[in-house]
Protein chains: 2
Amino acid sequence: MRILILGGDGYLGWPTALRFSARGHEVSVVDNFSRRRWHNEHSTDSLTPISTLGERIGTWNDISGAEIHSFVGNIEDGEFIDRVVAETEPDAIVHYGEQASAPYSMISRKHAVDTQYTNVIGTLNLLFSIRDRVPECHLVKLGTMGEYGTPNIDIEEGFIEIEHKGRRDVLPYPKLPGSLYHLSKVHDSHNIHFACRVWNLRATDLNQGVVYGIETDETMLDERLTTRFDYDEVFGTALNRFCVQAVIGHPLTVYGKGGQTRGFLNIRDTLQCVELAVDTPADCGEFRVFNQFTEQFSVSELAELVQRSAGELGYDVSIDHVPNPRVELEDHYYNARNTKLLDLGLQPHHLGQELVRSMLRTIERHKERVIERAIAPRTRWKPGRFDHQAAAELAPSP
Amino acid sequence: MRILILGGDGYLGWPTALRFSARGHEVSVVDNFSRRRWHNEHSTDSLTPISTLGERIGTWNDISGAEIHSFVGNIEDGEFIDRVVAETEPDAIVHYGEQASAPYSMISRKHAVDTQYTNVIGTLNLLFSIRDRVPECHLVKLGTMGEYGTPNIDIEEGFIEIEHKGRRDVLPYPKLPGSLYHLSKVHDSHNIHFACRVWNLRATDLNQGVVYGIETDETMLDERLTTRFDYDEVFGTALNRFCVQAVIGHPLTVYGKGGQTRGFLNIRDTLQCVELAVDTPADCGEFRVFNQFTEQFSVSELAELVQRSAGELGYDVSIDHVPNPRVELEDHYYNARNTKLLDLGLQPHHLGQELVRSMLRTIERHKERVIERAIAPRTRWKPGRFDHQAAAELAPSP
């Protein structure tokens, strides 16, 4: 198959490109290097040293003999993405090409606009290109479990049957997203659903949980194939932050009570899920939604897991509760369904002390690269507590 | 009160500005004249001759002694709208400042992007300005009944209580919008709801039906205060189209079967509803949703009403069913709730033959201004039947 991967230089995009290439597919990647640019502008970086996209592609070619084609540009530029789609004629497009950080979207008006513009308009451009160039192409779009928020009823996979005043319908599951980034994904989902309903396109929306882990079968083949590991307050996740804090001897900083519960999955399972989606495409006209996570944890459970795992490596780790920079429920019902990918054959890798210890050992190897000042939260959800100084420092270049 | 009206030069925005000014409020309007520009570019026009905004404001000042302040600019320009909000310090903002045509949004990728960019980013900018400048200000936002689509259950006002697997929650009503324009309003609703939840803003989303009628108490005072009447395929509504066709001796063109059912209201009731919303503001943190229509009709019922009303004026009118340029159900369940505004005291003006005859008489007065070539549908929802020639001719200037 011809597979086009948007965001193919990213944390998940690059390992995904390697996986499909290793399976013998013809892979092209698109990226605008926005994540690398953002880190450059703020003197932060991936903890793992990562090669340039050119070096990555060259290394992979040396190892596998396979070629990965690359296109550098912004999908907000409709002419650009249309040219790429017309040239590559993909059978499937895996779309990771979005601004993916909730804190980033909350820094300032500019960051919020940047996020919704990049994500919503980029995806809208893509839908038109699929419609006009490759209407049979299967769009596999990365959504997020954060689209649902934390409702007081079970979370279903994209749709819910509602009985109301004696009538029934199956309708899109209501959304209560928790940041302007998560909102951009909700907007995408509505736009893609429309394109399937009205233009007969086929799409799978993968509402992914929080991904952890660094290694995949292909990235382990050569150091130069390593994917990024972000731990800073803007692009890092709680588990990454905790692991880095354990290694540098800082208390683990739990935001608020720590009862915030979310879905999680291993990066290896992300690749499995995307492969399963591509291998079993949605029907024409179908907007298919999978909840892509394997386990649920609260933030406190993650902190305790890191504490125990680090303890076995000889670290004495304490846990601090710090004021929550976000506005979110810290103690809530959470039960999300995730059976559709399991039904397709997903074999989960569960999160245990062994995986955490392997993350800790990777961090130890790169300990001298840790930028400690980038870890503490500076981006706050509430305007009353808004830090204009921090926002100015974090502002993107014009 | 200080009231800021976005889109204050428009079909509803201008009469709304007059109404609040007549009531003694301090009114400012913002407009970028995008509707006038679009008509200029395509050699079409409002059927009713309309004055410039400056002439309108001057006439109103002559008649009432009241001043309406105006600001010319795009709300997609965050610096502009922020300056206006900071200068005017409004107690309420009535937001009509969006691209409001479904066909326009479906013409081409550029039109779709233009629509979602203008509407979503404009509203997002506004939310930040309210948060940072006037956090107590009440946002009264014009949404549309088209956000809901045509589900097989009753449509509630913004939220629905769902019982699911033994648990209950009140959640946002699921949305199935029928065009990329309607989607932009769904995105707005989600963004505004978030701003209320997280920033404690107060907002009322008026999910308005299709508005008809030309006259309000204030616009009738002087010809130079007349509001616009669009009947072309892009900005006109079915009822306006039918009335113009009746007068020029063209069969009424019903799209498809004509069973498409929607909510409708008189322009006088739009003003009543907006006044009721402003006079009874939402609480801080509340995202209040009203369904703003007074009656439901199918397209065929409208055609028959126009046929009967025109018959009494001596016109012999026939009804044609033409291929539907849209993708929509032409025969469906539709029962939408609209009691919240009635509970606040709305006194509906119902649609009857008298109102239609008065519209027909207005059209007769301006019959020589009818541009017949602009009436037939050229914008099609489906790519397979997409008319690239028409899209190119309709393309906005760069």
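The values are calculated or read from the model by the stated rules, or taken from the named source; none is laboratory data. Quick caveat, the model's predicted, so the values are computed rather than measured. Note that we place each Cβ from the backbone using ideal geometry, even for glycine, and neighbour counts take in every protein chain shown. For the accessible areas, the whole protein counts, side chains as well, though only heavy atoms, and no ligand, DNA or RNA atoms are used. Shrake-Rupley method; radii C 1.70, N 1.55, O 1.52, S 1.80 Å.
Odds and ends about this structure:
- When we screen B:GLN116, B:GLN99 for residues that are in contact with an Asp or Glu (Cβ under 8 Å, 6 or more places away or on another chain) and open to solvent by less than 50 Å² (accessible area, probe 1.4 Å), the only hit is B:GLN99.
- Apart from one condition, B:ARG357 fits all of (1) in contact with an Asp or Glu (Cβ under 7 Å, 6 or more places away or on another chain); (2) at pLDDT 95 or above; (3) under 30 Å from B:LEU139 (Cβ atoms); the exception is (3).
- Residue within segment A:61-78 that is of a type in the set (Asp, Glu), surrounded by fewer than 19 Cβ atoms within 10 Å (Cβ to Cβ) and either modelled with pLDDT under 95 or in contact with a Lys or Arg (Cβ under 6 Å, 6 or more places away or on another chain) (or both) present: no
- Of all residues in segment B:267-307, those being in contact with a strand residue (DSSP E or B) (Cβ under 8 Å, 6 or more places away or on another chain), farther than 25 Å from B:TYR333 by Cβ and not hydrophobic (A, V, I, L, M, F, W, C) number 7.
- Screening the candidates B:ALA310, B:ALA395, B:ALA391 for the property of being at pLDDT below 95 and crowded, with 18+ Cβ neighbours inside 10 Å yields one hit, B:ALA391.
- The set of residues in segment B:33-56 that are touching an Asp or Glu at 6+ places or on another chain (Cβ under 9 Å), closer than 24 Å to B:GLU87 by Cβ and in contact (Cβ under 8 Å) with a residue 60 or more places away in the chain contains only B:ARG56.
- A:LEU12 more than 20 Å from A:PHE229 (Cα to Cα) and at pLDDT 95 or above: no
- Flag for B:GLU161 being of a type in the set (Asp, Glu) and touching a strand residue (DSSP E or B) at 6+ places or on another chain (Cβ under 6 Å): yes
- Verdict on A:ARG262 being over 22 Å from A:TRP60 (Cα atoms), basic (Lys, Arg) and touching a residue at least 60 places away in the same chain (Cβ under 8 Å): yes
- Out of B:ALA195, B:ALA112, sole residue that is at the interface with chain A (Cβ under 10 Å from one of its Cβ atoms), in contact (Cβ under 8 Å) with a residue 40 or more places away in the chain and either of a type in the set (Asp, Glu) or farther than 19 Å from A:HIS190 by Cα (or both): B:ALA195
- One residue alone among B:ASP62, B:ASP82 is in a helix (DSSP H, G or I) and facing chain A (nearest Cβ under 10 Å), and that residue is B:ASP82.
- For segment A:121-136, a residue qualifies if it is open to solvent by 10 Å² or more (accessible area, probe 1.4 Å) and touching a residue at least 60 places away in the same chain (Cβ under 8 Å), and the qualifying residues are A:ARG131, A:PRO135, A:GLU136.
- Within segment A:158-186, if we keep just the residues that are in contact with an Asp or Glu (Cβ under 6 Å, 6 or more places away or on another chain) and of a type in the set (Lys, Arg), the residue that is farthest from the other protein chains (Cβ to nearest Cβ) turns out to be A:LYS185.
- Number of residues in segment B:327-374 that are outside any helix (DSSP H, G or I) and either on the phi < 0 side of the Ramachandran plot or surrounded by 12 or more Cβ atoms within 10 Å (Cβ to Cβ) (or both): the value is 24.
- For segment A:273-307, a residue qualifies if it is open to solvent by 40 Å² or more (accessible area, probe 1.4 Å), polar (S, T, N, Q) and under 24 Å from A:LEU12 (Cβ atoms), and the qualifying residues are A:THR280, A:GLN296.
- Listed by position, the strands (runs of 3 or more DSSP E) enclosed by segment B:137-255 that each have at least 1 residues that are open to solvent by 20 Å² or more (accessible area, probe 1.4 Å) are B:159-164, B:167-172, B:202-208, B:210-212, B:252-255.
- Unique residue being β-branched (Val, Ile, Thr) and without any contact (Cβ under 8 Å) to a residue 40 or more places away in the chain when the list is B:VAL170, B:VAL140: B:VAL170
- Only one of A:SER21, A:SER28 that is open to solvent by less than 20 Å² (accessible area, probe 1.4 Å), more than 20 Å from A:LEU126 (Cα to Cα) and among the polar types (S, T, N, Q): A:SER21
- Of the residues A:ARG262, A:ARG288, A:ARG326, the single one that is basic (Lys, Arg) and over 25 Å from A:ARG380 (Cα atoms) is A:ARG288.
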